[in-house]
Amino acid sequence: MTKFINSPLVKEVAKITFRLYDHGWDERNGGNVSYRILPEELTDYDDIQMVKRTIPINFDGRDLAGMYFLVSATGRYFKNIIDFPERDLGLVRITEDGKAVDLLWGYSDGAAPTSEFPTHLMGHQARLAEHSDQRVVMHCHPTNLIAMTFTQKLDEKIFSRILWKMQTESLVVFPEGIGIIPWMVPGTNKIGEATAAKLKDFRAVIWPQHGLFGTGATIDEAFGLIETIEKAAQIWTVIQQQGGKIEQTITDQDLLDLAKVFNVQPNRAFI
């Protein structure tokens, strides 16, 4: 039997969390990730069969009872997960009453899931209701996107159109646009509920002056969504540094042509 620490699942999360840190999006203990793991992906590991401890969560997770999640630990640095995965990650299973998680692996020094875990679970619930293949929620602090929340009106249509028009890939990657909630105190169920409500319509939600929540069916998909959004924000920032005057742009008709060729459905409320 193989040890879970050597699983492709752990290696994938460790690799991507380090890349998030290396991009400058997860300073200190900023950022968190949860990855829904399928039962069939766990059959080959003999060190996850026993419950190590049960950890209460401030959330009613009965709708997710029995599901497994690989989750970053609270207060930990993404830059360290690649070296200390068994300390800074945990494999948990939602208990039947939904009030706690059973720890099956990880958190080796007594840690617990990220304080944003209830927000993650609300996000998983919202996305699973729309897409049964939803598996990843990823939170980070993309620099240029956060900067835009200080200078631009917090309007989903305005933000989405700016980001769509910064590069050809944007509309193809997030044709629904991007969601935005008001500034709220993180780590609370209130912000989780607001984020989950937006995730019914968007795969990415901006937390103004804070960061971004991205979702997806795979780690790569969620990371790629965030990466594309931040690249568009970076291009916009460079344009402002060059004086802000735009001589040519991607037009609305260009966006519609892109959508047709790449077979995506753009948010028509935004075009």
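Look at (1) crowded, with 19+ Cβ neighbours inside 10 Å; (2) assigned to a helix (DSSP H, G or I); (3) of a type outside the set (A, V, I, L, M, F, W, C) and you find that S72 fails only one, number (2). Given the condition buried (at least 22 other Cβ atoms within 10 Å of the Cβ), polar (S, T, N, Q) and either in contact with a strand residue (DSSP E or B) (Cβ under 8 Å, 6 or more places away or on another chain) or in a helix (DSSP H, G or I) (or both), answer yes or no: does some residue in the stretch 207-215 qualify? Yes, the stretch 207-215 contains at least one residue that is buried (at least 22 other Cβ atoms within 10 Å of the Cβ), polar (S, T, N, Q) and either in contact with a strand residue (DSSP E or B) (Cβ under 8 Å, 6 or more places away or on another chain) or in a helix (DSSP H, G or I) (or both).
Of the residues making up the stretch 87-121, those that are crowded, with 24+ Cβ neighbours inside 10 Å, under 20 Å from T188 (Cβ atoms) and not β-branched (V, I, T) are P113, E116, F117, H120, L121.
Within the stretch 162-180, the set of residues being over 10 Å from A232 (Cβ atoms) and either touching a Gly at 6+ places or on another chain (Cβ under 8 Å) or hydroxyl-bearing (S, T, Y) (or both) comprises just one member, T168. In the stretch 137-145, the condition of being free of Cβ contacts under 8 Å to residues at least 40 places away in the same chain and in a loop (DSSP other than H, G, I, E, B) is met by no residue. How many residues are over 28 Å from H139 (Cβ atoms) and part of a loop (DSSP other than H, G, I, E, B) when one looks only at the stretch 227-263? Count: 11. For D109, the requirement of being in contact with a Gly (Cβ under 6 Å, 6 or more places away or on another chain), outside the structural domain of G216 (by TED's automatic domain parsing) and acidic (D, E) is not met.
Residue by residue, here is whether (1) among the basic types (K, R); (2) assigned to a loop (DSSP other than H, G, I, E, B); (3) surrounded by fewer than 21 Cβ atoms within 10 Å (Cβ to Cβ) holds:
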position: Q134; (1), (2), (3): no, yes, no
position: T149; (1), (2), (3): no, no, yes
position: P186; (1), (2), (3): no, yes, yes
position: D201; (1), (2), (3): no, yes, yes
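Looking at this structure, is I271 buried (at least 16 other Cβ atoms within 10 Å of the Cβ) and modelled with pLDDT under 95? When the stated conditions are applied, I271 passes them.
If you take the residues in the stretch 241-260 that are in contact (Cβ under 8 Å) with a residue 24 or more places away in the chain and out of contact with any Ser or Thr (no Cβ under 8 Å at 6 or more places or on another chain), which one is farthest from G123 (Cα to Cα)? The qualifying residue farthest from G123 (Cα to Cα) is T249. With respect to D47, is the statement that it is acidic (D, E), assigned to a loop (DSSP other than H, G, I, E, B) and surrounded by 21 or more Cβ atoms within 10 Å (Cβ to Cβ) true? Here the answer is no, as D47 does not meet what is asked.
The values are calculated or read from the model by the stated rules, or taken from the named source; none is laboratory data. Everything quoted here is computed from the prediction, not taken from an experiment. Cβ coordinates were reconstructed from backbone atoms using ideal geometry, including for glycine residues, and neighbour counts include every protein chain displayed.
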